[in-house]
1. Longest span of the chain, sites excluded, free of trypsin sites (Lys or Arg not before Pro) in DSSP loop with at most 11 other C-beta atoms within 10 Å?
2. Longest exposed-loop-site-free stretch of the chain, with GluC sites (Glu not before Pro), DSSP loop and at most 10 other Cβ within 10 Å?
3. Sorted from largest down, give the three principal axis spans of the alpha carbons of the chain, whole angstrom values.
4. Mind pulling the angle between the C-alpha long axis of helix 34-46 and the longest principal axis of the chain? Nearest 10 degrees, somewhere in 0 to 90.
5. Could you give the distance between the Cα centres of segment 51-72 and segment 79-138, to the whole Å?
6. In bins 5 Å wide, starting from 0, what share of all Cα pairs of segment 90-161 does each bin hold, as a percent?
7. Quick one, can you get me the convex hull of the C-alpha atoms of segment 1-77 expressed as volume per residue in Å³?
8. Computing the accessible area with a 1.4 Å probe over protein heavy atoms, can you report the carbon and sulfur percentage for the chain?
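The values are calculated or read from the model by the stated rules, or taken from the named source; none is laboratory data. Because the structure is predicted, anything quoted here is derived from the model rather than measured. Cβ placement follows ideal geometry from the backbone for every residue including glycine, while neighbour counts extend to all protein chains displayed. When the accessible area is computed, the model is the full protein with side chains, heavy atoms only, and any ligands, DNA or RNA have been set aside. Shrake-Rupley method; radii C 1.70, N 1.55, O 1.52, S 1.80 Å.
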Amino acid sequence: MAAVDELDARILRLLLEQPHTSVREYARLLGVARGTLQARLDRLERDGVITGSGPRLSAAALGHPVLAFVVIEVTQGHLVDVADALAELPEIIEAFSVTGGGDLLTRVVARDNGHLEDVIQRLIQLPGVVRTRTDVALRERVAYRMLPLVESVGRAVRRPG
């Protein structure tokens, strides 16, 4: 994977700040040829820097305002099976294998606390699940963001080395 340079950082910033703008307009705003911009976008996608372009949806607006982080401890040798089972549950919106006090960290959404309890009960019944620990989110303090990281990477690229 090639390093992100200053132009890449500027492109990424525009994508984050103005996601509904055309490639032609991005090129104009950046002062580069449309072909140059498209080549950069293609490389950033190919290198895995840009991983998607779809809308970010609100689980709360979809009727699931309760957010919880559930740590799942799994019997050795069953991680893949449990992860596959998690993918079948629509309320599991993310899952990561982790180190520490558990094996999987999941992001779970629910309609209300009763529904969250039902989801946790389904998790506990999955073959290979030893135990769970649930932390309910009270309020989002820092929304998902990438712009500060992009700006930091852009500043690091500009620094004389």
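1. Longest gap between qualifying sites, sites excluded: 57-138.
2. With a cap of 10 other Cβ atoms within 10 Å, the longest stretch comes to 1-87.
3. Rounded to whole Å, the extents work out to 57, 35, 26 Å.
4. Tilt relative to the chain: about 30 degrees.
5. 14
6. Per 5 Å bin, starting at 0, the Cα pair percentages come out as 3, 11, 17, 19, 14, 10, 8, 7, 5, 3, 2, 0.
7. 165
8. Its accessible area is 52 percent carbon and sulfur atoms.
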